[in-house]
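Beneath this line is the structure, given in structure tokens, with notes to follow.
The values are calculated or read from the model by the stated rules, or taken from the named source; none is laboratory data. What you see is a predicted model, and the numbers here were worked out from it, not measured in a lab. Cβ: placed from backbone, ideal geometry, glycine included. Neighbour counts: every protein chain shown.
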């Protein structure tokens with residue numbers, strides 16, 4: 001078989017493969033099990049393989065590359081327009097095969113094992129924080145049922161909850177008091193788990209030469225630096241810093257037509273977690289600009305006067321993303337604003 005392009009619809013157990021020759025004619029349509037996929041692809045002559053960026057796509061991409069194939073990943077929303085008629089595995093694989101052949105298609109960088117390791121740490125820590133927030137809200141809600149109102153914030157709850165449990169004058173019964181004690185223990189465990197994940201991320205940052213260069217930028221700490229390296233990988237996959245900022249969703253959406261140019265709020269595309277970290281880092285910088293005379297602080301003060309702090313946060317996050325791209329793409333040191 002003279003196969004030039006292959007589209008693979010990934011799944012857990014059963015995969016669908018669609019292959020075409022150099023003229024675009026279908027020469028392969030096959031359903032295959034997970035245990036057979038690697039050996040089947042290894043037997044094929046080197047070709048272009050396209051897949052949607054999803055769970056396990058990076059693993060399969062690295063494995064297929066080791067067999068000598070060229071592998072490209074695509075965002076599912078970019079593949080959808082190429083899927084014809086009804087949705088099923090065969091049509092999805094054909095659509096992927098068609099999409100990966102388009103010269104105008106935008107591809108997702110393939111992550112290395114090191115990148116996935118860092119991203120796993122961030123995902124676990126983020127999930128633990130969400131669980132802690134849910135547990136905190138649950139405790140505050142239960143206390144409110146007994147007329148005890150606790151101020152918002154994890155720090156205030158940690159301080160006030162032991163005092164509430166020790167107070168024998170409130171209406172808490174022995175049953176609910178013991179239950180809240182158990183929840184307080186769970187909350188302490190969550191805090192310890194989050195701290196452990198944070199320590200691991202800090203260690204990764206210390207051991208990474210790239211991260212050590214990135215943290216020198218104002219508003220960029222170990223969390224942002226490691227998350228940025230995990231998400232971006234090779235910065236040269238992006239043409240310039242503006243493309244990277246657009247990939248992160250830090251640029252305005254457009255609703256333009258003809259000579260009428262309309263810019264809306266930011267597009268919010270790409271990695272939501274990394275985008276929120278960049279904006280939080282920018283917010284920390286803006287809180288400390290009062291009285292400073294450097295170029296960045298003066299620019300931010302003028303921007304705040306023209307618009308507001310929220311837009312200034314996004315503007316600085318955009319600027320920092322472009323600076324980080326330059327540091328990674330060119331391997332240079334940060335020289336300051």
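Taking the listed residues 292, 319, 309, the one that is more than 25 Å from residue 125 (Cβ to Cβ), surrounded by 15 or more Cβ atoms within 10 Å (Cβ to Cβ) and without any contact (Cβ under 8 Å) to a residue 40 or more places away in the chain is 319, with no other qualifying. Meeting the requirement of 2 or more residues that are within 26 Å of the chain's Cα centre (by Cα) and at pLDDT 95 or above, the helices (runs of 4 or more DSSP H) wholly within segment 40-144 are 57-66, 89-100, 113-144.
Of all residues assigned to segment 147-154, at least one qualifies as being under 30 Å from the mean Cα position of the chain (by Cα) and either more than 30 Å from residue 222 (Cβ to Cβ) or part of a helix (DSSP H, G or I) (or both). In this structure, does residue 217 turn out to be surrounded by 13 or more Cβ atoms within 10 Å (Cβ to Cβ), farther than 20 Å from residue 272 by Cα and either over 24 Å from the mean Cα position of the chain (by Cα) or touching a residue at least 40 places away in the same chain (Cβ under 8 Å) (or both)? Judged against the criteria, residue 217 is a match. Name the residues in segment 201-211 that are surrounded by 14 or more Cβ atoms within 10 Å (Cβ to Cβ) and in a helix (DSSP H, G or I), would you? 201, 202, 204, 205, 210, 211, listed by residue number. Looking across segment 171-192, the residues that are assigned to a loop (DSSP other than H, G, I, E, B) and either free of Cβ contacts under 8 Å to residues at least 12 places away in the same chain or surrounded by 14 or more Cβ atoms within 10 Å (Cβ to Cβ) (or both) come down to 172, 173. Quick check on segment 245-260. Is at least one of its residues within 17 Å of residue 219 (Cα to Cα), touching a strand residue (DSSP E or B) at 6+ places or on another chain (Cβ under 7 Å) and not assigned by TED's automatic domain parsing to the domain that holds residue 76? Among the residues of segment 245-260, at least one is within 17 Å of residue 219 (Cα to Cα), touching a strand residue (DSSP E or B) at 6+ places or on another chain (Cβ under 7 Å) and not assigned by TED's automatic domain parsing to the domain that holds residue 76, which makes the answer yes.
For the structure I just gave you, tell me whether residue 198 is more than 24 Å from residue 126 (Cα to Cα) and either surrounded by 11 or more Cβ atoms within 10 Å (Cβ to Cβ) or modelled with pLDDT under 95 (or both). In short, no. None of 8, 49, 17, 41 is buried (at least 19 other Cβ atoms within 10 Å of the Cβ) and out of contact with any strand residue (DSSP E or B) (no Cβ under 6 Å at 6 or more places or on another chain) except 41. Can residue 161 be described as crowded, with 16+ Cβ neighbours inside 10 Å, more than 30 Å from residue 227 (Cα to Cα) and either touching a helix residue (DSSP H, G or I) at 6+ places or on another chain (Cβ under 6 Å) or in contact (Cβ under 8 Å) with a residue 60 or more places away in the chain (or both)? So residue 161 fits the description; yes. Among the residues of segment 25-39 satisfying the criterion of being under 34 Å from the mean Cα position of the chain (by Cα) and assigned to a strand (DSSP E or B), which is farthest from residue 94 (Cα to Cα)? Applying the filter and picking the extreme gives 33. For segment 227-337, the helices (runs of 4 or more DSSP H) that sit wholly inside it and include 3 or more residues that are under 27 Å from the mean Cα position of the chain (by Cα) and over 21 Å from residue 108 (Cβ atoms) are 272-286, 309-330.
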